[in-house]
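First comes the structure, then the notes that go with it.
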Amino acid sequence: MKQHPLCTDTEHEHDVMSLPVPSELKREWATLQTRRHFLGRTGKVLGWAAIASLLGDRALRGDTHSAANGQSGSQSVERLRLPHFAPKAKRAIYLFMSGGPSQVDLLDYKPHLNDLYDKDIPDSVRGAQQLTGMTAGQARFPIAPSHWNFKRYGKTGTWVSDLLPYTGRIVDDIAIIKSTNTEAINHEPAIMLMNTGNMNAGKPCMGSWLSYGLGSMNDNLPTFMVLQTKLNTKENNQPVSSRLWSSGFLSSEYAGVGLRSAGDPVLYLTDPNGVDREVRRNMLDAVNEINRQTFDELGDPETHARIAQYEMAYRMQTSVPELADLSKEPKSTWDLYGEEAKDPGTFAYNCLMARRMAERGVRFTQVYKRGWDMHDNVTGILPIISAETDRGCYALVTDLKQRGMLDDTLVIWAGEFGRTVYSQGGLSKENYGRDHHPRCFTTWMTGGGVRAGITYGETDDYSYNVVKDPVTVRDFNATILHCLGIDHNKLTYNFQGLDQKLTGPVPAEVVKGLLA
């Protein structure tokens, strides 16, 4: 019996092993208890040395493997056995087009639709598809052919819209996937599914899984970084939130670190007046000592994540200004990316930053571009956002290729779903709207592990249903992991009694037709 510190009641002191908790948690507790008692006997200095030895020096530079899993880095690496096979890509850059780009206006050419202007899409095509609340009440579903012409590009003769002339230049380097499809019809669940493999919040995103599984390739920048493109008020900007780069139930050290699109890339990057580097170092050492004592007392493995994050923040005070200093980029860089790349927060700037991060060993960079949600005024908005993004995508792929980095860098371009071929709201020869469309949308990949110059999958004559080689979101994510040397079924983390994984419990297949 013991006295409760906050009341006069008494209670029995329970042993953790007798509590009705999962056996995995009991084993984790036993490991931590053993480690804590050992440290308590050998003193704080020796204790910290022991932790360093257990976790390895990579742990101290923010490269620990699942302290939250109650395992040391070396133990975790051994347990995960990563990579599962020789990877083709060491790093990845994910260009996420939030809002749902219109496949039928960009990359899924359907010329015969011009003959069907303003005719209702056949019920046999639409079937029993669930519609969003925005078009479910429409009396008609009139076909809206694309307003733009398409041309053939490259040796492959791939059809690309006049809206994407720069993308047309790289069609021989990329794999276009016309048969991507999702189960979600609204933005938030669809974006969550693409980024985390689950429509519900609370799961780790792809970057966090890669950080957890593969660790860091550098000492001075985070493993996983996020760049948001600044808003264009002419576009319909659906919100994106930090849930998309969250580590979920994994340790917080695997979460994405975002750089701001304006002002200092990271807040408080500069030491305040009166605080020099030595003072900052001493402050950090003192805080770390408190954290180490906290670990000794409580054995909470998340304490290690906090120490690693503080150390990384200290190193970022010098590494991020160097990263963001574009003054030494040659003229050829601006000829390739355009003058817009000199403006922080633009998509072109973020593409250039993604290349610079890749050069510096950032494992996973995610660039978000909002504004693709076009329920009306497609002819007014789509040219603007296409022009904003087209050259940056081309420049990034070309730049990586010229530097010999495309062979081991995976670049991904995708949104959360596509757009309907029928018009939402009024239809005229000059303008139309398009609702969300989950049954098919177009994405592309290029780089390490991906077959170049192919078009994978087909849609029907209306760009409405997949008729050949469907690629689900889970297949898409499983293929990305494969390129990085990961078997998506083996990269797991036991949480709440389930071996969780990016592709979820639903079966997923690596799309072998996309692999080089």
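The values are calculated or read from the model by the stated rules, or taken from the named source; none is laboratory data. Not measured: the values here are computed from a predicted model. Virtual Cβ from ideal backbone geometry, glycine too; neighbours counted across all protein chains shown. With ligands, DNA and RNA removed, areas are computed over all heavy atoms of the protein, side chains included. Shrake-Rupley method; radii C 1.70, N 1.55, O 1.52, S 1.80 Å.
Scan the range 319-340 and give yes if some residue there is in contact with a Leu (Cβ under 8 Å, 6 or more places away or on another chain), more than 30 Å from GLY380 (Cα to Cα) and of a type in the set (D, E, K, R), otherwise no. Yes, there is a match, as at least one residue in the range 319-340 is in contact with a Leu (Cβ under 8 Å, 6 or more places away or on another chain), more than 30 Å from GLY380 (Cα to Cα) and of a type in the set (D, E, K, R). Residues in the range 239-248 that are open to solvent by 30 Å² or more (accessible area, probe 1.4 Å), out of contact with any Lys or Arg (no Cβ under 6 Å at 6 or more places or on another chain) and in a loop (DSSP other than H, G, I, E, B) were compared, and the one that is nearest to THR365 (Cα to Cα) is SER246.
Filtering the range 312-342 to residues that are at pLDDT 95 or above and of a type in the set (Asp, Glu) leaves GLU329, ASP335, GLU339, GLU340. Checking the stated criteria, THR270 turns out to be assigned to a loop (DSSP other than H, G, I, E, B), open to solvent by 30 Å² or more (accessible area, probe 1.4 Å), over 30 Å from THR379 (Cβ atoms) and among the polar types (S, T, N, Q).
Could you tell me which of the residues ASP487, ASP469, ASP499 is under 29 Å from THR158 (Cβ atoms) and among the acidic types (Asp, Glu)? Lay out the reasoning, then the answer.
Working: ASP487 fails: under 29 Å from THR158 (Cβ atoms); ASP499 fails: under 29 Å from THR158 (Cβ atoms).
Of ASP487, ASP469, ASP499, the one residue that is under 29 Å from THR158 (Cβ atoms) and among the acidic types (Asp, Glu) is ASP469.
One line per residue, one yes/no per condition, for (1) modelled with pLDDT of 85 or more; (2) of a type outside the set (Val, Ile, Thr); (3) more than 14 Å from CYS205 (Cβ to Cβ):
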| site | (1), (2), (3) |
| --- | --- |
| SER241 | yes, yes, no |
| SER246 | yes, yes, no |
| GLY256 | yes, yes, no |
| LEU259 | yes, yes, yes |
| GLY263 | no, yes, yes |
| ASP271 | no, yes, yes |
| LEU284 | yes, yes, yes |
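So, ASP264, is that one open to solvent by 30 Å² or more (accessible area, probe 1.4 Å), not β-branched (Val, Ile, Thr) and not in a loop (DSSP other than H, G, I, E, B) or not? Criteria not met by ASP264. Sub-8 Å Cβ pairs linking a first residue in the range 171-184 that is more than 19 Å from THR156 (Cα to Cα) to a second residue that is aromatic (Phe, Trp, Tyr) and in a loop (DSSP other than H, G, I, E, B), at least 6 apart or interchain, are THR182/PHE417; ALA184/PHE417, ordered by first then second residue. Comparison of GLY485, GLY433, GLY497 shows that the only residue that is at pLDDT 95 or above and on the phi > 0 side of the Ramachandran plot is GLY485.
Could you please find all residues in the range 378-417 being of a type in the set (Ser, Thr, Tyr) and either closer than 24 Å to ARG439 by Cβ or within 20 Å of the chain's Cα centre (by Cα) (or both)? Walk me through how you get there before you give the answer.
We begin by selecting, within the range 378-417, every residue of a type in the set (Ser, Thr, Tyr); these are 379, 386, 389, 394, 398, 409.
THR379, SER386, THR389, TYR394, THR409, listed by residue number.
From THR132, THR167, THR180, which residue is touching a strand residue (DSSP E or B) at 6+ places or on another chain (Cβ under 7 Å), closer than 18 Å to HIS375 by Cα and not acidic (Asp, Glu)? That would be THR132, the only listed residue that is touching a strand residue (DSSP E or B) at 6+ places or on another chain (Cβ under 7 Å), closer than 18 Å to HIS375 by Cα and not acidic (Asp, Glu).
A search for C-beta distances below 8 Å between a residue of the range 255-269 that is under 12 Å from SER319 (Cβ atoms) and any residue that is charged (D, E, K, R) and open to solvent by 30 Å² or more (accessible area, probe 1.4 Å), counting only pairs 6+ apart in sequence or on different chains, returns VAL266/ARG260.
Cβ separations smaller than 7 Å between residues 6+ apart or across chains give the following pairs from the range 344-366 residues that are under 18 Å from ALA89 (Cβ atoms) to residues that are open to solvent by 10 Å² or more (accessible area, probe 1.4 Å) and part of a strand (DSSP E or B): ALA358/ARG91; VAL362/ARG91; ARG363/ARG91; PHE364/ARG91.
Looking only at the range 118-132, filter to residues that are part of a loop (DSSP other than H, G, I, E, B) and open to solvent by less than 80 Å² (accessible area, probe 1.4 Å); which one of those is nearest to CYS440 (Cα to Cα)?
Filtering the range 118-132 for residues part of a loop (DSSP other than H, G, I, E, B) gives 118-119, 121-122, 127-132.
Next, from what is left, pick out any that are open to solvent by less than 80 Å² (accessible area, probe 1.4 Å): 118, 121-122, 127, 129, 131-132.
On the way: ASP118: 21, ILE121: 16, PRO122: 17, GLY127: 14, GLN129: 12, LEU131: 14, THR132: 15 Å.
Result: GLN129.
Taken as a whole, the condition of being in contact with a His (Cβ under 8 Å, 6 or more places away or on another chain) and not charged (D, E, K, R) does not apply to ASN232.
What residue, among those in the range 203-217 that are open to solvent by less than 20 Å² (accessible area, probe 1.4 Å) and part of a loop (DSSP other than H, G, I, E, B), is farthest from CYS483 (Cα to Cα)?
First pass over the range 203-217, keeping only residues open to solvent by less than 20 Å² (accessible area, probe 1.4 Å): 204-213, 215-216.
So of that shortlist, the ones also part of a loop (DSSP other than H, G, I, E, B) come out as 204-205, 215-216.
On the way: PRO204: 19, CYS205: 17, GLY215: 16, SER216: 17 Å.
Of everything passing the filter in the range 203-217, PRO204 is farthest from CYS483 (Cα to Cα).
Applying the condition of being touching a helix residue (DSSP H, G or I) at 6+ places or on another chain (Cβ under 8 Å) and either surrounded by 14 or more Cβ atoms within 10 Å (Cβ to Cβ) or among the aromatic types (Phe, Trp, Tyr) (or both) to the range 491-500 and asking which residue is farthest from HIS436 (Cα to Cα) yields ASN494. Evaluating ASN198 against the criteria (1) in a helix (DSSP H, G or I); (2) open to solvent by less than 60 Å² (accessible area, probe 1.4 Å) leaves one unmet condition, (1).
Among the residues of the range 347-385, which ones are within 30 Å of GLY425 (Cβ to Cβ) and crowded, with 23+ Cβ neighbours inside 10 Å?
Residues of the range 347-385 within 30 Å of GLY425 (Cβ to Cβ): 347, 368-385.
Matches in the range 347-385: PHE347, LYS369, GLY371, TRP372, MET374, LEU382, ILE385.
For the range 436-459, a tally of residues being in a strand (DSSP E or B) and buried (at least 24 other Cβ atoms within 10 Å of the Cβ) returns 11.
All conditions but one from (1) farther than 20 Å from ALA414 by Cβ; (2) surrounded by 17 or more Cβ atoms within 10 Å (Cβ to Cβ) apply to ARG140; the one that does not is (2). The single condition among (1) out of contact with any strand residue (DSSP E or B) (no Cβ under 8 Å at 6 or more places or on another chain); (2) part of a strand (DSSP E or B) that ASP115 does not satisfy is (2). With respect to (1) open to solvent by 60 Å² or more (accessible area, probe 1.4 Å); (2) in a loop (DSSP other than H, G, I, E, B); (3) of a type outside the set (Ser, Thr, Tyr); (4) within 27 Å of PHE364 (Cα to Cα), the lone exception for GLU188 is condition (2).
Of everything listed in (1) in contact (Cβ under 8 Å) with a residue 24 or more places away in the chain; (2) surrounded by fewer than 23 Cβ atoms within 10 Å (Cβ to Cβ), the single unmet condition for SER428 is (1).
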